[in-house]
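See structure below.
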């Protein structure tokens, strides 16, 4: 079940010898291709270990591993376009929570997945690590979204440090 040429026609970035990196946030970089397995729910995990954005107040760089898990419906995100899109945050000034939610909303608009979650594992600054989690689900996957959100929350916060 190989891909046919018309399924790949809209992909501009993949295979391009002249890759241009955009240094300002640009969701227009994202591209999709058809999901050939719409008859089944399956999870796709994308690990992006080199995400960088800027603190909106100080302009200092923030570094994170971004984890994207999704159950596709009809469309899937093309990985090179995702890489270029995430790179476009390099000079984008926003808080960690904002970046994760922006990524989530852009991918929902792009693909209309059955389920998607975005996790940001940001490198600690000032002794505090921030790990925002955001998710979205279609009507058939609302229970999964609630379970995943609940499981992302810490179960116990110590009363004092030892």
Could you pull out which residues in the range 63-82 have an amide N less than 16 Å from a spot 7 Å beyond the Cα of residue 97, following the Cα-Cβ vector?
-> none
Inter-part distance where the range 91-129 and the range 73-88 are each reduced to a Cα centre, Å | 14
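From the Cα trace of the range 56-162, what convex hull volume per residue do you get, rounded to a whole Å³?
Numbers: hull volume 12.3 nm³, N = 107.
Taking the convex hull of the Cα positions in the range 56-162, it is 115 Å³ per residue.
Would you kindly state how much longer the chain becomes between residue 58 and residue 109 on full extension, computed as 0.36 nm times their sequence separation minus their alpha carbon distance, in nm to one decimal? Each step should come with its number before you reach the end.
On the way: separation 51, 0.36 × 51 = 18.36 nm, distance 3.05 nm.
Answer, rounded to one decimal: 15.3 nm.
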Tell me the label-point distance for the pair residue 123, residue 47, using the 7 Å Cα-to-Cβ offset, in nm and rounded to one decimal.
-> 1.8
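Every read-out reported here was derived from the displayed coordinates using simple, explicitly stated rules and does not represent laboratory data. Fair warning: this is a prediction, and the values are worked out from it, not measured in the lab. Cβ coordinates were reconstructed from backbone atoms using ideal geometry, including for glycine residues, and neighbour counts include every protein chain displayed.
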